[in-house]
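Trainee: To start, I am sharing the structure in question, which I have written as structure tokens.
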Amino acid sequence: MENMNIRVFGQRFEDGVSLTVQKQGRVLFVNGEQFDFSPMLEGSTLPVRAIDSDWFIGDVSCETGVISVQLRYPIPSNFSPEQATPQDLLNVPDGEVMFPAALPATFMQGEGNE
């Protein structure tokens, strides 16, 4: 398994905007689009402007064998505290990347809002 760290930055978008990320080794699939970082060598940096995606918000680096990426993360109107201030995802395993969950939609409904 290739090591990868993902730093996420929460940002409000229109409700319905979603982000799905899959990791396979040094490849990320962001909403189905492939981003292959396997050619990166130790100590190298890929500038964010070289990545054709609005989801990436910082340079990608390779240090001590770890690929580090920074992603924008959409938070919904019923965001949880974990979404508002997400923790870095370290040593992300292959498969679907798990982001913090939103609060249940019923939590947003108060008296008089029905």
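Trainee: Report the net charge of residues surrounding Ser53, where surrounding means a beta-carbon distance below 10 angstrom and charges are Lys +1, Arg +1, Asp -1, Glu -1.
Mentor: Taking every other residue near Ser53 into account, the sum is -2.
Trainee: Using Cα-Cα distances under 8 Å and only pairs 6 or more residues apart, what relative contact order does region 4-91 have, in percent?
Mentor: 43 percent
Trainee: Per 0.36 nm of contour for each residue apart, how much would the distance between Asp36 and Leu90 grow if the chain were fully extended, relative to their Cα-Cα spacing?
Mentor: Net length gain for the segment: 17.6 nm.
Trainee: Also: Determine Rg/Rh for the chain; Rg is computed over alpha-carbon atoms and Rh is the Kirkwood hydrodynamic estimate from the same atoms.
Mentor: 1.04
Trainee: Going by C-beta contacts inside 10 Å, put Leu41, Leu71, Leu19, Leu90 in order with the fewest on the left.
Mentor: Leu41, Leu90, Leu19, Leu71
Trainee: Moving on to the next point. What does the charge add up to near Ile6, with Lys and Arg as +1, Asp and Glu as -1, over the other residues with Cβ less than 12 Å from its Cβ?
Mentor: Spelling it out: positives minus negatives among the neighbours equals +2.
Trainee: Obtain the nm distance between the two label points defined at Ala105 and Gln22 by a simple spin-label model: each point lies 7 Å from its Cα along the Cα-to-C-beta direction.
Mentor: Those two pseudo-labels are separated by 2.6 nm.
Trainee: Please give the contour-minus-distance gain from Val66 to Ala50: 0.36 nm per residue of separation, less the Cα-Cα distance, rounded to one decimal in nm.
Mentor: 3.8 nm
Trainee: Sticking with this structure for a sec: Name the most mobile residue of Pro39, Pro47, Pro74, meaning the one with the largest mean-square fluctuation, in a Gaussian network model of the chain with Cα contacts below 10 Å.
Mentor: Highest fluctuation among the options: Pro39.
Values quoted throughout were computed directly from the atomic coordinates according to the rules given, and no laboratory measurement underlies them. Given the structure is predicted, the values throughout are model-derived calculations rather than measurements. Counting neighbours? That spans all protein chains shown, and the Cβs are built from the backbone with ideal geometry, glycine included.
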